[in-house]
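Student: I'd like to ask some things about the structure below.
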Amino acid sequence: MCGIVGAVAQRDVAEILVEGLRRLEYRGYDSAGVAIIDGDGSLARVRRLGKVKALSDALEEAFPSGGTGIAHTRWATHGEPSERNAHPHISHEKIAVVHNGIIENHAPLRQSLIAKGYRFESETDTEVLAHLVEEHLKTSDSLLAAVQSAVPELEGAYGTVIIDRTDSSRMVVARSGSPLVIGLGIGENFVASDQLALLPVTRRFMFLEEGDVAEITRKSVRIFDKTGESVEREIHESNVSYDAGDKGQYRHFMLKEIHEQPSCVYGTLEGRVSGDRVLDETFGNGAADLFKQVQHIQIVACGTSYHAGMVARYWLEDFANISCNVEIASEFRYRKSFVHPNSLLITISQSGETADTLAALRMAKQQGYLGSLTICNVAGSSLVRESDLAFMTRAGAEIGVASTKAFTTQLVGLAMLTMALGKYNGLSGTRLQQMGAALQQLPGLLEESLGLAEQIEALAEEFADKQHALFLGRGDQYPIAMEGALKLKEISYIHAEAYAAGELKHGPLALIDAEMPIIVVAPNNDLLEKLKSNVEEVRARGGILYVFADTNAQFQSDDTLRVINVPHIDHWLAPILYTVPLQLLSYYVAIIKGTDVDQPRNLAKSVTVE
């Protein structure tokens, strides 16, 4: 969830470290800091509360020089956001540490270290790691050996980089549950929590596996697995593009990414759909043989990805004739669950590093699933590497914390999966052809829906003084209502809830008054007439409704009902199309509220902690 960058080189690395942090700031922006071993062998540390710019400004006044350094941008877990809780943390001006994750047994370790004379300056769990490594260094012949001795004492998740000011020639890294990638240069090497941070300096990467510890120098990388054995990790050439430094004509990354969705969806489909069929190879080698055996699907995901899974359940059961359960990963992994015969586990994650989802996959591997498939946006991520099959959404780097294009491309991937499985489970050729044609039309319809932006921006003015909102949908639009509510609360800080519209009479009607806007998604499907009855229930109680409706749904605007006409689409893909107007609504309401759209308070992009 936080961002890590490290470097060991002949040149000064401060600018490389800070630029890496800028590229990872969407992962955490409570505070930022760097520690560099300078030419005199001293440890120069600069930390600042707030965003990376505050750190960058401070470094311009006192620019540390040196070829070995580490940097971190924080999303607070233990200890409030403050300069003293910011990373890097140090022990006796000797050991410096940056760390992602949570050391769960930090309290007893802290007490043990205090008893040995160590003094703590912060409230963080990370500082325990700095002192623990120094303690082990007293009886070890190298920093590597000290880290290898310290690691078995740690419980929890960590991705950590450690340097020792008495030896500027190396840094040591360890990974358990929190991702780290090594970037390979010429006469210099790097480490980061995401390859995006290192694209300005290298395109060659090695991904550390669970339990790995590595020693990195300018000219070498030595990796040891969790048993302490020396291992080789495959080198990957990255073709990832990254344009996060340029919002182009757009005011925010979120708006840019909303408008990128037509082209992103086109990219997700390109080369994967041929007429009435989705190529099985799209999902990985051996997908066809596995799909023929699937009788049940278990989807596991978090947040926005969970909403995508909820939509997919409707599709898989309706069109592919396969039973499907969907569960939040943080709940799934902590309960005893029943594994159906010939069940496929599907994980969904933008980053491929979501801690709870990754842990659920690892647990499921021991439970007898037929196989595992991940829907993911990041090649080389842990979920991609550890799943049997992988579908890459090709959305490109998403910088705005509130997910937009990652979500819609996940839905497209799940729609394609529905078709791929459906052909083995009685889905007719005629319907497959219709579904394939609808998919091909989707990018154009998404582009058309973006034309509603001006109308939605004007409508958003009516939300300026609201504190609460309700979102309603039926069938596969209920998860889209949930996603719309999530977006509004994430970036505008308006309290928003979503309900299946038929549930109104079972409690939520008590909330309805003129101060509670009701947002309704209303495609022209089999549930439209039922939905219209629910709308009338709200109007009868003085509610103000904002209905995003199919052009053929025959809603009429009046004093209590505002209608925004959405382009007509084959009803099975309506969840994807109706997502876009709700994203725009949330964006423009947030602009009126004056919130930080791209980096909303208390949130970060990639959730690599439990």
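Student: If residue 43 satisfies all but one of (1) under 25 Å from the mean Cα position of the chain (by Cα); (2) closer than 22 Å to residue 129 by Cβ; (3) of a type outside the set (Ser, Thr, Tyr), what's the number of the condition it fails?
Tutor: The number of the failed condition is (1).
Student: What number of residues in region 316-341 are touching a His at 6+ places or on another chain (Cβ under 8 Å), touching a residue at least 40 places away in the same chain (Cβ under 8 Å) and either of a type in the set (Ser, Thr, Tyr) or surrounded by 14 or more Cβ atoms within 10 Å (Cβ to Cβ) (or both)?
Tutor: 2
Student: Something else now. Would you please name the residue that is modelled with the highest pLDDT, looking only at residues in region 266-317 that are hydroxyl-bearing (Ser, Thr, Tyr), under 22 Å from residue 431 (Cβ atoms) and in a helix (DSSP H, G or I)?
Tutor: 314
Student: Given the options 372, 337, name the one that is farther than 22 Å from residue 238 by Cβ and assigned to a strand (DSSP E or B).
Tutor: Exactly one residue qualifies, and that residue is 372.
Student: I'm trying to understand the selection: among the residues of region 454-495, which are assigned to a helix (DSSP H, G or I), without any contact (Cβ under 8 Å) to a residue 12 or more places away in the chain and more than 22 Å from the chain's Cα centre (by Cα)?
Tutor: 454, 458
Student: Which count do you get for residues in region 380-436 that are free of Cβ contacts under 8 Å to residues at least 40 places away in the same chain and not in a loop (DSSP other than H, G, I, E, B)?
Tutor: Of the residues in that region, 5 qualify.
Student: If you don't mind, another one. In region 46-73, what count of residues is obtained for those that are outside any helix (DSSP H, G or I), touching a strand residue (DSSP E or B) at 6+ places or on another chain (Cβ under 6 Å) and surrounded by fewer than 19 Cβ atoms within 10 Å (Cβ to Cβ)?
Tutor: Final tally of qualifying residues: 1.
Student: Out of curiosity, is residue 56 of a type outside the set (Phe, Trp, Tyr) and under 20 Å from residue 201 (Cα atoms)?
Tutor: yes
Student: Hey, among 510, 553, 522, 501, which residue is touching a helix residue (DSSP H, G or I) at 6+ places or on another chain (Cβ under 7 Å), among the hydrophobic types (A, V, I, L, M, F, W, C) and farther than 25 Å from residue 450 by Cα?
Tutor: Step by step, each of 510, 553, 522, 501 is checked, and only 501 is touching a helix residue (DSSP H, G or I) at 6+ places or on another chain (Cβ under 7 Å), among the hydrophobic types (A, V, I, L, M, F, W, C) and farther than 25 Å from residue 450 by Cα.
Student: Are any of the residues in region 527-535 in contact with a helix residue (DSSP H, G or I) (Cβ under 7 Å, 6 or more places away or on another chain) and closer than 28 Å to residue 592 by Cα?
Tutor: no
Student: Let me ask something else about it. Among the residues of region 516-534, write down those that are touching a Lys or Arg at 6+ places or on another chain (Cβ under 7 Å) and either closer than 30 Å to residue 255 by Cβ or part of a loop (DSSP other than H, G, I, E, B) (or both).
Tutor: Within region 516-534, 517, 527, 531 meet the criteria.
Student: While we're on this one: Restricting to region 415-448, give me the number of residues that are among the hydroxyl-bearing types (Ser, Thr, Tyr) and more than 24 Å from residue 286 (Cα to Cα).
Tutor: Result for region 415-448: 1.
Student: Next up: Read through the list (1) crowded, with 22+ Cβ neighbours inside 10 Å; (2) at pLDDT 80 or above; (3) within 26 Å of the chain's Cα centre (by Cα); (4) not hydroxyl-bearing (Ser, Thr, Tyr), then give the number of the only condition that residue 601 fails.
Tutor: (1)
Student: Evaluate region 160-176: report whether one residue or more is out of contact with any Phe, Trp or Tyr (no Cβ under 6 Å at 6 or more places or on another chain), in a loop (DSSP other than H, G, I, E, B) and surrounded by 24 or more Cβ atoms within 10 Å (Cβ to Cβ).
Tutor: Looking through region 160-176, none of the residues is out of contact with any Phe, Trp or Tyr (no Cβ under 6 Å at 6 or more places or on another chain), in a loop (DSSP other than H, G, I, E, B) and surrounded by 24 or more Cβ atoms within 10 Å (Cβ to Cβ).
Student: May I ask you to list pairs of residues, at least six apart or on different chains, whose Cβ atoms are under 7 Å apart, with the first in region 6-20 being in a helix (DSSP H, G or I) and the second being among the aromatic types (Phe, Trp, Tyr)?
Tutor: 14/63
The values are calculated or read from the model by the stated rules, or taken from the named source; none is laboratory data. None of these values were measured; they are calculated from a predicted model. Neighbour counts run over all protein chains shown; Cβ positions are idealised from the backbone, glycine included.
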